[in-house]
1. Could you please find all residues in region 238-262 being farther than 19 Å from residue 59 by Cα and either of a type in the set (A, V, I, L, M, F, W, C) or modelled with pLDDT of 95 or more (or both)?
2. Taking region 24-38 only, how many residues are charged (D, E, K, R) and assigned to a loop (DSSP other than H, G, I, E, B)?
3. Scan region 75-87 and tell me whether some residue there is touching a helix residue (DSSP H, G or I) at 6+ places or on another chain (Cβ under 8 Å), closer than 25 Å to residue 255 by Cβ, buried (at least 16 other Cβ atoms within 10 Å of the Cβ) and at pLDDT 95 or above.
4. Go through (1) exposed (fewer than 13 other Cβ atoms within 10 Å of the Cβ); (2) closer than 20 Å to residue 149 by Cα; (3) in contact (Cβ under 8 Å) with a residue 12 or more places away in the chain and name the single condition residue 213 misses.
5. Can you report the number of residues in region 57-91 which are in a loop (DSSP other than H, G, I, E, B), touching a Ser or Thr at 6+ places or on another chain (Cβ under 7 Å) and under 20 Å from residue 104 (Cβ atoms)?
6. Return the residues of region 8-25 that are modelled with pLDDT of 50 or more and more than 13 Å from residue 102 (Cα to Cα); say none if nothing qualifies.
7. Looking at region 220-245, which of its residues are without any contact (Cβ under 8 Å) to a residue 40 or more places away in the chain and exposed (fewer than 15 other Cβ atoms within 10 Å of the Cβ)?
8. Could you look through region 40-56, keep only residues that are in a loop (DSSP other than H, G, I, E, B) and modelled with pLDDT of 95 or more, and pick out the one that is farthest from residue 110 (Cα to Cα)?
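The values are calculated or read from the model by the stated rules, or taken from the named source; none is laboratory data. Values in this document were obtained by computation on a predicted structure and should not be read as measured data. Don't worry about glycine lacking a Cβ; one is built from the backbone with ideal geometry, like all the others, and counts go over all protein chains shown.
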Amino acid sequence: MSLAVLALVTSTIAWLIARPTRIPIGPYRLEARLRGEGRPAVVFESDLAGGFAPYQALQDRLAEQTRTLTFERAGLGRSGSGPQPPTAEQGARELRVLLGVAGIEPPVILVCYAAGCLYARVFAHDFPAETAGIVFVDPVTEGFYDRIRKASPAGWSQAEAKMSAGARRELAALPATLDEARAAWPLPQVPCVVVTAMKPLGEWPFASREDLLQWLTESEGLVARLPEVTHIVLPQATHASVLKDDELAKAILQMLERVKGV
């Protein structure tokens with residue numbers, strides 16, 4: 001077998017192992033991507049109306065150290081539609097079932113991005129014994145959503161117009177999700193990290209320095225309510241680039257080592 005053919009076979013096997021799969025959680029299936037082995041597992045919660053694609057490089061890196069899971073909530077991507085409305089409480093129940101079906105033993109480290117942090121907070125509040133730690137990546141808070149909905153209705157409408165039907169359903173459920181997140185306190189006494197990007201993105205809703213200062217204020221408010229928290233501010237990262245930042249990967253790996261040592 002030539003080296004070129006061997007390389008092709010090897011890469012094909014790797015792709016088959018890593019490719020997403022649709023996991024049944026009752027009458028519908030969730031699209032999920034499982035990589036790596038070990039405990040505690042790292043589970044990624046995606047942005048509002050978002051999928052797992054932005055996490056893949058980070059997931060692959062972390063999968064060298066432990067079991068990892070990315071997934072698409074019901075109604076998003078190739079996941080089937082679940083019970084309506086698709087709020088954070090519904091998402092928490094779905095994730096708990098998904099972990100069991102996927103053979104992931106809790107507690108897990110939750111890594112959440114943007115509005116996905118609302119969903120992660122609700123999961124951690126509802127299932128504290130199954131949460132080992134939380135890494136909040138550029139978290140969207142209830143206060144920031146209230147601000148941009150009032151201050152930028154045009155930007156909000158433009159974003160909604162680009163969404164799929166399933167994503168629009170999740171957006172329509174956002175007011176209920178925000179109420180659920182407001183009620184999801186206290187969180188369990190587990191290690192938490194908040195990572196905040198501080199470079200303006202140049203487009204709605206993070207176009208200006210004023211937007212980012214409000215973002216930092218909201219992050220600091222979240223930090224003040226979290227137990228055992230470390231706040232990492234990345235001056236050169238934007239909301240779009242933060243998932244690729246090496247400091248984020250280091251923070252998650254440090255969390256993994258810390259939780260393993262408990």
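1. 262
2. Within region 24-38, residues that are charged (D, E, K, R) and assigned to a loop (DSSP other than H, G, I, E, B) number 1.
3. There is no residue in region 75-87 that is touching a helix residue (DSSP H, G or I) at 6+ places or on another chain (Cβ under 8 Å), closer than 25 Å to residue 255 by Cβ, buried (at least 16 other Cβ atoms within 10 Å of the Cβ) and at pLDDT 95 or above.
4. Of (1) exposed (fewer than 13 other Cβ atoms within 10 Å of the Cβ); (2) closer than 20 Å to residue 149 by Cα; (3) in contact (Cβ under 8 Å) with a residue 12 or more places away in the chain, only one is false for residue 213: (3).
5. Looking only at that region, the number is 3.
6. 18, 19, listed by residue number.
7. Matches in region 220-245: 220, 224, 228, 233, 235, 236.
8. Per the criteria, the residue is 40.
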